[in-house]
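A short reminder: the numbers here are calculations on the coordinates, not readings from a lab. Computed from a prediction, not measured in an experiment: that's the story for all the values here. In this analysis, Cβ positions are derived from the backbone assuming ideal geometry, glycine residues included, and neighbour counts consider all displayed protein chains.
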Amino acid sequence: MSTPITLTAPHPWYVRPTLRALTVAALVINAMSFVPYLVSSSPIIPYDLSLIHIIPTLVVAGIVASRLRWAPALGALLGGLLLLEAYVFLTDMLVQPTSAADFAFAAIFFATAIVGLVAGAGATIQNYRAPRSRPFLDPPAPSWVYPALLALVALLLGGMLTTAIQPRGSLPGVSPEALAQLPTLTAKDGLFEQPEIKAKAGQTVALRLENTDTLTHHFDIDEFNVHVLISPGKSNLALFTPTQPGTYTFYCQPHADKAARTGMVGTLIVEP
C-alpha cells in the first residue's frame, strides 16, 4: 500500500521580503554608508557628523524591526528627513561630484532614503489594512517591488560607473601657477571673507575660489548666470563677464537668504 505524497507550497509570505524588512535594510545601509568617513579624514563628512548620523539611524532601524504595527511609520518619517537632508547638503555630489567615491556615497544616501520613505509608508498602510493575528505577521511586499529595486540598483551602478570613468581635472586648462595669481574669494566659517567685489562692465572677471570649511559652498550671481561649486579644501575658478553696470548680490545658494541678505552673501559692484 503506497502512501500519497503531499507537496506543500512555501508560505507566500516568505516568497517576497516584507516592506518592513526593506525599510530596515534601507536604514541600515544608509547608516553604514557613513562608516568610511569614520576612519578617514574627509573634509566633506567629518567624524562627529558621521557618528551623529549612524547611531540614531540604527536605533530607528531597530525600532522598525520590532513587531509593532506603527513602527514602519517611524522609518518613513526618518526616510523623509534623510531625503530632505540629502537635497540640502548632498545634491552637489550628484550634479558636480569631485570623486567617484563621493558620488557613490551621495547616490546610495539618496536611494536608501527614498526606499526608507516609500517602503516605510507602504508597510504602515499594509499593516493597518491587514487583519490582526497572533502573532502578527507583516503582509508580503507588492509584486512590483523586485522590478523597482532592480531598476534602482541598475541606475545606481550605471551612475557610479559613468562617474568613475569620466575624465577628471578640477580646473582643466588652468595651471596652478596661473590660478595662484588671480584675486581670491574665500569661504570661511559659513561666510565670504571678501564681502565686496569690484569689476568693470564688459571686462572678464577671473576669481580663485577657496573653501576652508568642511561643507561644499557655491558662488552664485543670478544676473550673469554664474553658479560655481566651491569644494572643501580645493581651489575653483569663477570666470564671467558682467555686461551691465550696477550693484549685484553674490551668494551661496544653500547657505544664504539672498532676499534678506543674510548668511553667505556679498556685493558685486560693476562700474561703467
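Give the long-range amide H neighbours of LEU237: residues separated by 5 or more places, or on another chain, with amide H under 5 Å away, using H modelled in the peptide plane at 1.01 Å from N.
Correct list: LEU209.
Starting from the alpha-carbon convex hull of segment 176-271, give the projected area averaged over all orientations, in nm².
That works out to 5.6 nm².
What list of ³J(HN,Hα) values in whole Hz, one per residue of segment 202-215 in order, does the Karplus curve 6.51 cos²θ - 1.76 cosθ + 1.60 (θ = phi - 60°) give from phi, with Gly and Pro shown as x?
Rounded to whole hertz, the list is x, 9, 6, 9, 10, 10, 8, 9, 10, 10, 9, 7, 8, 9.
Read phi for every residue in segment 52-61 and hand back ³J(HN,Hα) as whole Hz from Karplus 6.51 cos²θ - 1.76 cosθ + 1.60, θ = phi - 60°, with x for Gly and Pro.
With coefficients 6.51, -1.76 and 1.60, one gets 4, 7, 5, 4, x, 5, 5, 5, 5, 4 Hz.
Can you give me the long-range amide H partners of LEU268? Hydrogens built in the peptide plane at 1.01 Å from N, cutoff under 5 Å, separation of 5 or more residues or another chain.
ILE197, TYR248, THR249, PHE250
For the pair VAL88/ALA259, report the inter-label distance in nm, with labels modelled 7 Å from Cα in the Cβ direction.
1.8 nm
Provide the per-residue ³J(HN,Hα) series for segment 21-26, in order, calculated from phi with Karplus coefficients 6.51, -1.76, 1.60 and θ = phi - 60°, each as a whole number of Hz, with x at glycine and proline positions.
So the J values, rounded to whole Hz, are 4, 5, 4, 4, 4, 5.
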